[in-house]
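Working notes for the structure below.
The values are calculated or read from the model by the stated rules, or taken from the named source; none is laboratory data. In this text, all values refer to a predicted model and were calculated from it rather than measured experimentally. Note that we place each Cβ from the backbone using ideal geometry, even for glycine, and neighbour counts take in every protein chain shown. Accessible surface is based on the protein model in full, side chains and every heavy atom, while ligands, DNA and RNA are left aside. Shrake-Rupley method; radii C 1.70, N 1.55, O 1.52, S 1.80 Å.
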Amino acid sequence: FTQAGGVSANRIARWDNYSWSPLGAGFNYRVNTITTLPNGDLVAGGTFASAGAQPANNVARWNGSAWSPIGGGLTNSTSVFSVPAARAVVFDKRGELCIGGVFLLADSVPSHNFARLATSCPAAVTSVGTGCASSGGTAVLEASGLPWIGSDFLAIATGLPASTALSIYGFTPIVPGFPIDSLFAAALPGCNAYVSLDLLGLLNASTGVAYAQLTLPNSPQLVGGTLYHQLVAFGAGEIAATNALQLTVGSF
């Protein structure tokens, strides 16, 4: 299409619940698939040779204001007459952009009909220490995804006593862990603090489960930075602590 809702838009348009608007100069030919990156950027694949009025071989990225090519894109060798095209684009949970379609080369590298693109700045989560046992079970904190700039990092804590939980983020780890029962008599044996107290929040853990969310700004200065996360639950007559998570902030 070249119009959306009476507005000029070359084969791609955005709907904001009120009206259509173009995304830059759009494409010179068909768009087959779109996916969203963690920071909200779009990746479009199709059968096109330009995006935003600049060369882009069948795959391009929208950063909120302009389209740009992704490397050399998807092409075929000169001996093949089929038209190259991206049919499916997915950003998977490992942090890779996966593309399937009709092509033999991805950024000039032989890749028959499927290619993966990994970032040079990957996001990562590793566990630090162990949680202690409480009336709710063993307190465990797990990530529900990876910490990417421009996204919400989510984590879930289980095995907590019915309580209010203190969500702690810190820039410095406490190794090998500070015994909480040395400060609070209600703290259970084996409950350690692993994180410096730099950012605190309260969570409801009345069911023994707590969900934590941290919004990471879309700022390049955060890429490669390290942050630590832990929950401490305050129940009826007991204090329990989870393991900690070491977060390495990534970008794609």
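Quick notes on this structure:
- Only protein atoms count toward the accessible area here, which uses a 1.4 Å probe; on segment 87-174, the carbon and sulfur part of that area reaches 59 percent.
- In the chain, a dipole from Cβ-located charges (positive for Lys and Arg, negative for Asp and Glu) runs towards its positive end, and of 172, 117, 138 it is 117 whose Cα lies farthest in that direction.
- When the alpha-carbon atoms of segment 137-177 are used, the pair Rg, Dmax equals 12.5, 34 angstrom.
- The charge dipole of segment 88-155, taken about its Cα centre with unit charges on the Cβ of Lys, Arg, Asp and Glu (plus for the first two, minus for the last two), comes to roughly 80 debye.
- Evaluated over the Cα positions of segment 114-249, the convex hull gives a direction-averaged projected area, one quarter of its surface, of 9.0 nm².
- When +1 charges are put on Lys and Arg Cβ atoms and -1 charges on Asp and Glu Cβ atoms, the dipole computed for the chain relative to its Cα centre reaches about 820 debye.
- When only alpha carbons of the chain are considered, Rg and Dmax amount to 23.7, 77 Å.
- Cysteine residues of the chain whose Cβ has no partner cysteine Cβ closer than 4.7 Å: 98, 121.
- Charge sum, other residues only, whose C-beta stays under 15 Å from residue 3's C-beta, Lys/Arg counted +1 and Asp/Glu -1: +2
- Evaluating 6.51 cos²θ - 1.76 cosθ + 1.60 at θ = phi - 60° for every residue in segment 34-46, the Karplus couplings come out as 9, 9, 10, 7, x, 8, x, 4, 10, 10, 10, x, x Hz, glycine and proline recorded as x.
- Solvent exposure of the chain amounts to 49 Å² per residue of accessible area, where only protein heavy atoms count and the probe is 1.4 Å.
- Two-decimal log10 I(q)/I(0) for segment 184-241, as the Debye equation yields it once each C-alpha is a single scatterer, q = 0.25 Å⁻¹: -1.19
- Taking θ as phi - 60° and the Karplus parameters 6.51, -1.76 and 1.60, the scalar couplings of segment 172-180 work out to 10, x, 10, 10, x, x, 9, x, 5 Hz in sequence order, x denoting glycine and proline.
- Rotationally averaged projected area of segment 59-195 (alpha carbon convex hull; nm²): 12.4
- Sequentially through segment 196-202, phi angles give Karplus couplings (6.51, -1.76, 1.60; θ = phi - 60°) of 5, 8, 9, 9, 10, x, 9 Hz, Gly and Pro residues having no value and appearing as x.
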